[in-house]
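Worksheet: one structure, shown below.
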Amino acid sequence: MKMMNHREVRQIAEGVDRSADYDVVVIGGAFSGASSALLLKRQFGDLRVLIIEKSESFSRKVGESTSEVAGCFLTRVLRMGMHLNIKHVAKHGLRMWFHKDGMNAPGRSTELGPAYQGRLPTFQLNRMELDAKLLEDAISLGCELVRPATIKSLKLGGIGKNTVSYKTGDGESRTVSAGWVVDASGKAAKIAKQRKTWQSIAEEHPTAAMWTRFKNVNYLDSEKGVEMMEGVSARVVAQRGSATNHLMGFGWWCWIIPLGSGEVSAGLTWDSRLFTPPSDGTMAERLKEHMLKHPVGKVMFEDAVAVENDNSYYKGLAYYSEEVAGAGWTTVGDACGFMDPLYSQGLDYCAHTIYSSYTLLRSYYSGECVKDGITWRNKEFVRSYFDWFNALYKDKYYYLGDAELMHAAFLLDVGTYFVGPVRGVYTDEDAEFSQMPYAGAIGGGFAKFMAFYNRRFVEIAKKKITAGKYGEKNLDESFLITGSFSPDPSSFKLIFKGLKIWAKLEAKYAFTPTSADIKEPSMSTPLPQAGHYEHA
């Protein structure tokens with residue numbers, strides 16, 4: 001029997017119920033919604049797809065930095081490579097900067113990151129531009145678009161029996177029937193909240209973020225920036241400014257992302273158990289005040305000017321839905337859930353949920369029974385969400401401000417990412433994107449291993465705080481990655497290096513006690529902090 005090419009255009013199978021007004025109604029026309037519509041319409045040219053978008057035009061969004069899995073999805077699945085190369089900024093890795101007390105010379109700040117440019121495509125995105133391009137391509141294939149329009153009611157009655165009522169910008173009310181509804185409403189998570197399956201994990205991961213965009217930023221690779229950063233390693237031949245740069249501290253981190261417009265996206269994410277940001281002034285003023293207390297932040301933002309009316313705040317970042325599919329509906333992107341922006345994997349998550357939703361509908365319109373597929377997708381999503389969260393983010397903010405621990409974590413986190421998810425999508429994007437990360441026995445084993453060393457790093461961080469050693473290598477070190485991460489066994493060399501650092505730390509602090517109620521680094525040593533700290 002001939003194996004079907006997953007990219008081949010297919011005919012909708014005979015016998016499929018198409019009595020509804022539309023085969024698919026997509027709620028939301030930004031990245032996740034437009035991508036879903038585009039993939040379905042490429043596969044089934046006769047599919048009747050309606051996209052309902054609430055905005056008259058897209059605004060700028062957070063989610064500008066991609067990692068390698070999302071880079072693969074954008075270039076090899078969505079085929080947006082040329083658009084990305086022309087309209088967006090090529091990203092070259094993740095770079096972290098540590099400090100002691102905010103007063104050290106910026107060139108003494110410990111640097112963690114790649115010495116060379118990245119090998120696989122990743123980008124600093126203008127989401128407004130990308131979302132518009134994806135939606136334009138979906139429309140060019142024949143998808144219908146209604147915008148601006150507000151969803152007034154949604155009745156999920158099963159395959160072919162869904163009804164969507166909406167009100168257009170000119171005040172006209174309409175109701176349409178749909179074979180399937182795809183919820184791409186983002187954090188609004190319309191279906192999850194309607195079905196009461198939306199769950200916050202703020203008690204486990206009480207994070208919040210604020211962000212804005214700045215002009216007149218002093219880039220690290222500029223003449224002035226290089227002069228002010230005197231003392232950093234000359235072994236870095238990559239452009240530091242084209243990376244996603246992170247300022248690191250106990251309980252918090254800041255992202256710095258260059259955009260094609262010449263502006264810079266900057267944001268602060270923190271664990272409210274450990275850190276409280278400055279409280280006076282506008283959001284942009286509070287963010288800038290915080291970043292100026294980090295030596296590298298001061299180099300970049302001392303003369304920066306915030307873009308007016310371009311800032312946001314979000315509390316309770318981490319949430320998920322207990323269901324992501326049912327008879328006649330699916331959810332994609334942020335409507336499924338979100339964890340943490342530290343490793344810029346938000347669009348990775350979107351890619352997996354978009355594609356697994358698409359393959360479910362592909363099976364249905366190819367004439368297959370999807371009852372088991374719906375059950376499997378719901379089970380796999382929840383499993384993967386907590387595997388991912390426990391492996392990478394649970395209590396991680398305890399050790400974000402310690403360069404030594406983050407060096408080990410960076411090698412292990414990124415190394416396992418490359419030999420697992422990145423290798424998988426570049427080997428067979430159809431199979432890998434159809435499932436959620438950490439699938440199968442091997443994936444599950446890696447998830448358990450990662451969750452274990454993450455717990456150990458949290459414990460070691462607390463021991464270092466007790467011993468007054470937290471952040472002891474935050475100055476005068478260059479933790480450079482000179483061997484590129486690759487989606488092949490060569491990345492195990494970097495994983496082994498991370499294991500070696502971990503083993504040394506375990507031995508060094510084996511007999512150090514841990515306070516049962518420790519909240520922050522001891523005042524007996526300079527703190528790797530900025531802003532104001534919350535005392536329990």
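The values are calculated or read from the model by the stated rules, or taken from the named source; none is laboratory data. None of the values given here were measured: they were computed from a predicted structure. Glycine gets a Cβ as well: all are built from the backbone with ideal geometry, and neighbour counts include every protein chain shown. The area values use the complete protein model at the heavy-atom level, side chains included, leaving out ligands, DNA and RNA. Shrake-Rupley method; radii C 1.70, N 1.55, O 1.52, S 1.80 Å.
So which of Lys315/Lys463; Lys315/Lys379; Lys100/Lys493; Lys396/Lys504; Lys196/Lys394; Lys394/Lys448 end up more than 23 Å apart, counting from Cα to Cα?
Lys315/Lys463; Lys315/Lys379; Lys100/Lys493; Lys196/Lys394
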Counting pairs of alpha carbon atoms under 8 Å apart in space and at least six apart in sequence, what relative contact order in percent does region 64-167 give? 27
With a point put 7 Å past each Cα toward its Cβ, work out how far Arg7 is from Asp46 in nm, to one decimal. 2.4
Determine ³J(HN,Hα), in whole Hz, for all residues of region 307-312 in sequence, where each value follows from phi through the Karplus function 6.51 cos²θ - 1.76 cosθ + 1.60 and θ = phi - 60°; x replaces Gly and Pro. 6, 5, 6, 9, 9, 8
Sequence-distant or interchain residues sharing an amide H contact under 5 Å with Leu400, placed H: which? Gly251
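Using Cα pairs closer than 8 Å and at least 6 residues apart in sequence, work out the relative contact order for the chain, in percent. The partial results should precede the final answer.
On the way: 1140 pairs, mean separation 108.9, N = 536.
Relative contact order of the chain: 20 percent.
Accessible area per residue for the chain in Å², computed with a 1.4 Å probe and the full protein assembly in place, what is it?
Values: 21320 Å² over 536 residues.
Averaged over the residues of the chain, the accessible area is 40 Å².
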Cα-based Rg (one decimal) and Dmax (whole number) for region 192-341, in Å? 18.4, 61
Please turn the phi angles of region 29-38 into ³J(HN,Hα) values with the Karplus equation 6.51 cos²θ - 1.76 cosθ + 1.60 (θ = phi - 60°), one per residue in order, whole Hz, x for glycine and proline. x, 7, 3, 5, x, 5, 5, 4, 5, 4
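Report the extension gain between Asp430 and Ser222 in nm, rounded to one decimal, defined as 0.36 nm multiplied by the number of residues separating them, less their alpha carbon distance.
Working: separation 208, 0.36 × 208 = 74.88 nm, distance 4.19 nm.
My answer for the length gained is 70.7 nm.
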Just to verify a number: FRET efficiency for Arg195 and Thr482, C-beta to C-beta distance, R0 = 41 Å, to 0.05? 0.25
Label assignment, Rg and Dmax of the Cα atoms in Å derived from the structure, set [x] 23.6, 74; [y] 35.5, 113; [z] 27.3, 92: [x]
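Share of Cα-Cα pairs in region 364-508 beyond 26 Å, in percent?
Working: 3598 of 10440 pairs.
Above the 26 Å cut-off, region 364-508 has 34 percent of its Cα pairs.
Based on the Cβ-Cβ distance of Arg383 and Tyr313, what FRET efficiency does E = 1/(1 + (r/R0)^6) give at R0 = 30 Å, to the nearest 0.05? Don't skip to the end; give the middle numbers.
Values: r = 31 Å, r/R0 = 1.05.
Efficiency, from the Cβ-Cβ distance: 0.45.
Can you divide the C-alpha Rg of region 93-153 by 2.2 N^0.38 Å and report the result to two decimal places?
On the way: Rg = 21.7 Å, N = 61, 2.2 N^0.38 = 10.5 Å.
Rounded to two decimals, the normalised Rg is 2.07.
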³J(HN,Hα) across region 200-217 via Karplus (A = 6.51, B = -1.76, C = 1.60, θ = phi - 60°), whole Hz, x for Gly/Pro? 8, 10, 5, 5, 7, 9, x, 9, 9, 8, 9, 8, 8, 10, 10, 10, 6, 7
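Would you kindly state how much longer the chain becomes between Val305 and Ser55 on full extension, computed as 0.36 nm times their sequence separation minus their alpha carbon distance, in nm to one decimal?
Gain on stretching Val305 to Ser55: 87.2 nm.
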Taking the Cβ of Asp310 as the center, what net charge do the other residues with Cβ under 14 Å away carry, scoring Lys and Arg +1 and Asp and Glu -1? +2
Under 15 Å from the Cβ of Leu292, count the other residues' Cβ atoms, weight Lys and Arg +1, Asp and Glu -1, and hand me the total. -2
For Asp387, Asp348, Asp170, give me the order by solvent-accessible area with a 1.4 Å probe, most accessible first, ignoring ligands, DNA and RNA. Asp170, Asp387, Asp348
Plugging the Kirkwood radius over Cα pairs into Stokes-Einstein for region 312-371, at a temperature of 4 °C and a viscosity of 1.567 mPa s, what D comes out in µm²/s? 101
Sorted by chain and number, the residues with a modelled amide H under 5 Å from that of Val307, at a separation of 5 or more or across chains, are Arg213, Phe214, Lys215
Treat each spin label as a single point 7 Å out from the Cα along the C-beta direction, and report the Lys215 to Arg76 distance in nm. 4.1
Restricting to the chain, what percent of DSSP beta bridges are antiparallel, rounded to 5? 70
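Among residues other than Thr512 whose Cβ falls under 12 Å from its Cβ, what is the net charge (Lys/Arg +1, Asp/Glu -1)?
Details: positive: Lys462, Lys463, Lys464, Lys469, Lys508; negative: Glu459, Glu506.
That sum, taken over residues with Cβ under 12 Å, equals +3.
May I ask you to derive the FRET efficiency for Ala510 and Arg147 from their Cβ-Cβ distance with R0 = 45 Å, giving the value to the nearest 0.05? Before the final figure, lay out the partial values.
Details: r = 61 Å, r/R0 = 1.35.
So the FRET efficiency works out to roughly 0.15.
For Val324, Val307, write out the residues from largest to smallest accessible area, computed with a 1.4 angstrom probe and no ligands counted. Mind showing how you got there, number by number?
Numbers: Val324 0, Val307 25 Å².
Highest to lowest solvent-accessible surface, that is Val307, Val324.
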Listed residues Glu172, Glu404, Glu323, Glu230 arranged by accessible area, highest first, probe 1.4 Å: Glu230, Glu172, Glu323, Glu404
Summing -39500 (n - 2.57) over every DSSP H run of at least 4 residues in the chain and dividing by its residue count gives a helix-only mean residue ellipticity at 222 nm, to the nearest 500 deg cm²/dmol, of -10500 deg cm²/dmol
Under a plain spin-label model, where a point goes 7 Å from the Cα along Cα-to-Cβ, how far apart in nm are Asp21 and Glu203? 4.3
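Give the carbon-plus-sulfur fraction of the accessible surface of the chain in %, rounded to a whole number; probe 1.4 Å, heavy atoms of protein chains only.
Numbers: 11070 of 21320 Å².
For the chain, the apolar C and S fraction of the accessible surface comes to 52 percent.
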